[in-house]
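Shown next, in structure tokens, is the structure this report addresses.
The values are calculated or read from the model by the stated rules, or taken from the named source; none is laboratory data. This one's a predicted model, so the numbers in the text were calculated from it and none came from an experiment. Here the Cβ positions follow ideal geometry from the backbone for every residue, glycine too, while neighbour counts run over all protein chains shown.
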Amino acid sequence: MKKQLVIAAAALTASAAPAFAHLDPTAHGSLVAGLSHPLFGADHVLAMVAVGLWAAQTGGRALWAVPVAFVATMTLGFALAITGAPLPFVEPAILASVVALGLIVAMAMRLDAAKAAAIVGAFALFHGHAHGGEIGAAAITSFAAGFAIATALLHAAGIGLGMLLGKLPGGGSSVARLLGGLTAAAGAVLILG
């Protein structure tokens, strides 16, 4: 069972597509464009799932506080971009978030919910700003709702994976840590690529 979970998790991680083709909001609608937007970038998928895994590792209030903080702060970053407020180093910060969040999961870092929420919130600001910078012709509210929902679903996938791993003998800690390490390594590849 443990081997199958590792293989399935590795396959999901490897299948994350690079950001190359966001859906056109005029053809598919702004909500659908927003829903698909985070799913077409390996950096976004890896970071969002890592947030969920970390929330599951931490447990307690962090289980909901960490993902909520990410989505809320991401929305703030989106609003900053829409209003034209500059934010330096957006892409490098997003790539750094993949490495950092992967390392946090790999180390099974235990922080209280408020500190964990602050960490993911700092990264979320950059993710949201990137979404705002790539809105194109989409309607602001529908697009924002779409990417917020998709992000929350990716967090839920990470939480679900973490909870599933928790049912393994030994609590699945080593598998979760391995996934964190693989996420950090994937982030490093994205930085170098």
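Among the residues of the stretch 139-158, is there at least one that is free of Cβ contacts under 8 Å to residues at least 24 places away in the same chain and under 21 Å from Ser97 (Cβ atoms)? Yes; the residues of the stretch 139-158 include at least one that is free of Cβ contacts under 8 Å to residues at least 24 places away in the same chain and under 21 Å from Ser97 (Cβ atoms). Of all the residues in the stretch 135-174, those that are part of a helix (DSSP H, G or I) and either within 19 Å of the chain's Cα centre (by Cα) or crowded, with 21+ Cβ neighbours inside 10 Å (or both) number 24.
Here the stretch 57-114 is the region considered, the condition is being over 27 Å from Ala176 (Cβ atoms) and among the aliphatic types (A, V, I, L, M), and the residue that is farthest from the chain's Cα centre (by Cα) is Ala85.
Across the stretch 38-46, a minimum of one residue is classified as modelled with pLDDT under 95, hydrophobic (A, V, I, L, M, F, W, C) and within 15 Å of Leu101 (Cβ to Cβ).
Matching residues to (1) of a type in the set (A, V, I, L, M); (2) touching an Asp or Glu at 6+ places or on another chain (Cβ under 8 Å):
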position	(1), (2)
Pro92	no, no
Leu95	yes, yes
Met107	yes, no
Gly121	no, no
His131	no, no
Glu134	no, no
His155	no, no
Gly166	no, no
Ile191	yes, no
